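The values are calculated or read from the model by the stated rules, or taken from the named source; none is laboratory data. Predicted model only: the values in this text are computed from it and were never measured. All Cβ positions, even for glycine, are placed from backbone atoms using ideal geometry, and neighbour counts span all protein chains on display. These accessible areas exclude ligands, DNA and RNA; they are computed on the full protein's heavy atoms, side chains included. Shrake-Rupley method; radii C 1.70, N 1.55, O 1.52, S 1.80 Å.
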Amino acid sequence: MKRLLHHLRFPALAFAALIIVGSCANRVPALPVPKDVLKRTEKLVLQGSEVPVDFYLPRSVGKAPVVIVAHGFTRNRRVMAGWGNLLAQNGMIAVVPNLPFFTHHTRNARAINDLITLVHTPGHLTQPAPSDAVAIMGHSAGGYAAVLAASHEKHLRCWIGLDPVDFDDHGQKALASVQSPGLMLLAEPGAWNRQANAEPWLNHAAAPLKALRIQHSTHCDPENPSTPLARFVCGATDPGRLAIYEKYALAMLRHHLFGDAASAEVLKQAADDKHVSVLTAPGAKKAD
């Protein structure tokens, strides 16, 4: 028996070491909150599950549009914290939840719809108060959930997919019901975006949809911050490529949430940007 325990001890220790190393490698670094942003965390019930939700609120603003930010598969709200800071610094209320379900993307989409309703419940947010201007953005499977949620939001101003991934073509089918303009910011085709399988969405959008491929981008570039394990699995991330995602996402949001003419020009001039490729598809409508 002692000999058996002796032989089992080393595999057990090795397994425990792998768990510890993997956990450390997947730990999300904390980002500081800028002085002009107020961050608060609430526990909210979405689709029957209680989850933490981070609110990034611009200071010294009486009223602001709302942007729901959805993380990708197996991830959590912390990998989208940089987006929360960025959007709040640009005068938007960024709402970043832990999506409640691991693989039930349809219910995650409903959770996004629930969250939009909760945020606009009178008295829930008062400083700033949410305006009726709403957008949804999401990364990877969160981008898929964003499209599904957008198909049920009739007054949505716009949606953004950060290298979204489709599942069983349900995303492209949902686009027939999406009435708001969209922007897809795509990485290079690879295993983690299922060979850019959201690109055919261009053929199925009922509303204007624009797609830009960020050259040399990896699937985890839109995360802010990402983790060592994600970079090992998905490929190295790059602050310069993240800045391109931020540039066009902000332009889309500022154009449709604030009516900013300069941001509309940024989107129109994407064809001249050497860092991106504008994707087109037969019969696709052009987005502003």
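So in the chain, what percent of DSSP beta bridges are antiparallel if you round to the nearest 5?
45
Please report, ordered by residue number, every helix of the chain (full DSSP H runs) that is 24 Å or longer along its axis going by C-alpha atoms and whose mean Kyte-Doolittle hydropathy reaches -1.0.
The answer, listed by residue number, is 2-25, 239-258.
LYS154: accessible area at probe 1.4 Å, nearest 10 Å²?
Probe radius 1.4 Å; accessible area of LYS154 about 110 Å².
Tally Lys/Arg at +1 and Asp/Glu at -1 over every other residue whose Cβ is under 11 Å from the Cβ of ASP166; what's the total? Before the final figure, lay out each step's value.
Numbers: positive: LYS173, ARG194; negative: ASP168, ASP169, GLU199.
Result for the local shell: -1.
Treat every Asp and Glu Cβ in region 41-192 as -1 and every Lys and Arg Cβ as +1, leave all other atoms uncharged, and give the resulting dipole magnitude about the Cα centre to the nearest 20 debye.
The calculated dipole for region 41-192 is roughly 340 debye.
Give me the accessible area of GLU153, 1.4 Å probe, in Å² rounded to the nearest 10.
Ignoring ligands and nucleic acids, GLU153 comes out at about 40 Å².
If DNA, RNA and ligands are ignored and the probe is 1.4 Å, what is the ranking of VAL45, VAL28, VAL119 by accessible area, most exposed first?
VAL45, VAL28, VAL119
Could you work out [θ]222 nm for the chain from helices alone, using -39500 (n - 2.57) per DSSP H run of at least four and dividing by all its residues? Round to the nearest 500 deg cm²/dmol.
Calculated from helices alone, the mean residue ellipticity at 222 nm is -10500 deg cm²/dmol.
Can you compute the charge dipole magnitude of the chain about its Cα centre, using +1 on each Lys and Arg Cβ and -1 on each Asp and Glu Cβ, nothing else charged? Give it in debye, rounded to the nearest 20. Before the final figure, lay out the partial values.
On the way: 29 positive and 22 negative charges, 168 e Å.
Rounded to the nearest 20 debye, it is 800 debye.
Amide H of LEU38 versus every other amide H placed in the peptide plane: which residues, excluding those fewer than 5 positions away on the same chain, fall under 5 Å?
For LEU38, the qualifying residues are LEU57, ARG59.
What are the semi-axes of the equivalent ellipsoid of region 138-282, taken as the square roots of 5 times the eigenvalues of the Cα gyration tensor, listed largest first and rounded to whole Å?
Values: eigenvalues 97, 71, 37 Å².
Here the semi-axes work out to 22, 19, 14 Å.
Residues of the chain: accessible area per residue at 1.4 Å, in Å²? Provide the component values of the computation, followed by the final result.
On the way: 13460 Å² over 288 residues.
With the other protein chains kept in place, the chain gives 47 Å² per residue.
Write down Rg/Rh for region 77-130, rounded to two decimals, with Rg from the C-alpha atoms and Rh from the Kirkwood relation over Cα pairs. Could the numbers behind the result be given before it?
Working: Rg = 12.5 Å, Rh = 12.4 Å.
Radius of gyration over Kirkwood radius for region 77-130 works out to 1.01.
Please build a GNM for the chain, connecting alpha carbons under 10 Å apart, and tell me which residue among PHE258, PHE73, PHE232 fluctuates the most.
Of PHE258, PHE73, PHE232, the most mobile in the Gaussian network model is PHE232.
If you filter region 101-148 for chymotrypsin sites (Phe, Trp or Tyr not before Pro), then keep DSSP loop positions with at most 14 other Cβ within 10 Å, what is left? Provide the component values of the computation, followed by the final result.
Working: sites: PHE101, PHE102, TYR144; in loops: PHE101, PHE102.
Sites meeting the loop and neighbour criteria: PHE102.
Given a 1.4 Å probe and every protein chain left where it sits, what share in percent of the accessible area of the chain is carbon and sulfur?
The computed percentage sits at 57.
Here are several values of log10 I(q)/I(0) by the Debye sum over Cα atoms at q = 0.10, 0.15 Å⁻¹: [x] -0.51, -1.11; [y] -0.56, -1.22; [z] -0.64, -1.12. Which one was derived from the coordinates shown?
The listed entry that was calculated here is [x].
Return the distance in nm (one decimal) between the two label points of a simple spin-label model at VAL233 and LYS35, each offset 7 Å from Cα along Cα→Cβ.
3.9
Less than 16 Å from a label point 7 Å out along the Cα-to-Cβ axis of ASN197: which backbone N atoms in region 76-116 qualify, by residue?
103-106
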